[in-house]
1. Summarise the long-distance tail of P(r) for region 197-324 by giving the % of C-alpha pairs beyond 19 Å.
2. As an exercise, take the mean of 1/r over every pair of distinct alpha carbons in region 70-162, invert it, and state the Kirkwood radius in angstroms.
3. For region 142-200, what class follows from the C-alpha gyration tensor (a ≥ b ≥ c being the square roots of its eigenvalues): rounded when a/c is under 1.5, otherwise prolate if a/b is larger than b/c, else oblate?
4. Around Thr289, with a cut-off of 11 angstrom between Cβ atoms, what is the net charge of the other residues, counting Lys and Arg +1 and Asp and Glu -1?
5. Under a GNM of the chain (C-alpha, springs under 10 Å), which listed residue has the highest mean-square fluctuation: His222, His284, His87?
6. Please compute the per residue accessible area over the chain with all protein chains in place, 1.4 Å probe, rounded to a whole number of Å².
7. I want to verify a result. In a Gaussian network model of the chain, Cα cutoff 10 Å, which of these has the top mean-square fluctuation: Met262, Met303, Met285?
8. Once a ≥ b ≥ c are taken as the square roots of the eigenvalues of the Cα gyration tensor of region 132-243, is the result rounded (a/c under 1.5), prolate (a/b larger than b/c) or oblate (a/b not larger than b/c)?
Amino acid sequence: MTRALPTAASLYERVQRVIPSIEWPAFTGDIDAILALKRERNAVILAHNCQTPEIFHCVADIVGDSLALARKATAVDADIIVLAGVHFMAETAKLLNPGKTVLIPDLGAGCSLADSITASDVPLMRQRYPGAPIVTYVNTSAAVKAESDICCTSGNALAVVESLGAPRVIMLPDEYLARNIAAQTKVEIIAWKGHCEVHERFSPADIRELREAHPGVTVLAHPECPPEVVAEADFAGSTAAMSDYVGRHKPARVVLITECSMSDNVAVEHPDVDFVRPCNLCPHMKRITLAKIRAALEENRHMVTIDPGVADRARRALERMLAV
């Protein structure tokens, strides 16, 4: 018997707890068009955990944090990849799939961390700290990755740092991630002054206020938050690690100290958990919409290209990370 293909109407039950019924009709036309376009064009959609639920749960084929998307991108069996995330993620998908068409629905979907450092900054760090290997967060441009020794994500940063066997390591560009990793290792970490504009806005006072307003709440924080915030949390980890924590421990009430949509997406999978939702939006993630994903598939908008010389060196840094 042929299995029925999903439609917008059949998908609403999945997201009805996080998308009000009055809003759903605004999404249905684009969802049905995207589902048809994916079949017609042999396309897949990769969506980051911080995408909105109508993207994450209704049109995405592969979802996850930066590490999961990087790993799964290497096994994609499709002609076209649409990256529902920010630009550095689309570049990562292209680096790992050089023969495929990779599309980013909005070229303005950037990242404050990626913008905090340039390729010309990296050699200057090598000169200042000779012999120290350079670990670059995936939240950077391909050009910056190309100047690095190895990449990392928030989910594997500690393992990457300790895999190098070096007494001193340079971590670029997230200062808070570097400081949070430094607290877990004997390796000396030299940090850059980049910050995520979402996570840097959280404060220890925010956590204390949440605990006072919601007694017994479990607090999970992203390691891009300041160390003082991480210290106030019950657990710190990548968006994937936070989602796994909720699934394993099933806290009665939980708050995720990260981008807004993350809570909605995890809540869909765990209807028995009460989610408290402080909201710091990522303006870059929110540039990706269903309408823009549809336009990307209809018009090949916008194709990601990387200079071959840069791509070869950046790919090596990513492949070293994936081998850890």
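The values are calculated or read from the model by the stated rules, or taken from the named source; none is laboratory data. It should be emphasised that the depicted structure is a prediction, and the values quoted were computed from it without experimental measurement. Here the Cβ is made from the backbone with ideal geometry for all residues, glycine too, and neighbour counts use every protein chain on show. The protein model used for the area step is the full one, side chains on, heavy atoms only, and it has no ligands, DNA or RNA in it. Shrake-Rupley method; radii C 1.70, N 1.55, O 1.52, S 1.80 Å.
1. Numbers: 4882 of 8128 pairs.
Tail of P(r) above 19 Å: 60 percent of Cα pairs.
2. Evaluated over region 70-162, this radius sits at 14.3 Å.
3. Oblate is the answer for region 142-200, as a/c is 1.5 or above yet b/c matches or exceeds a/b.
4. Numbers: positive: Lys286, Arg287, Lys292, Arg294; negative: Asp30, Glu54, Asp106.
Here the count lands on +1.
5. Comparing His222, His284, His87 in a Gaussian network model of the chain, the most mobile one is His284.
6. Dividing the accessible area of the chain by its residue count gives 42 Å².
7. Met303
8. Working: a/c = 2.36, a/b = 1.99, b/c = 1.18.
Since a/c reaches 1.5 and a/b is larger than b/c, the shape of region 132-243 is classed as prolate.
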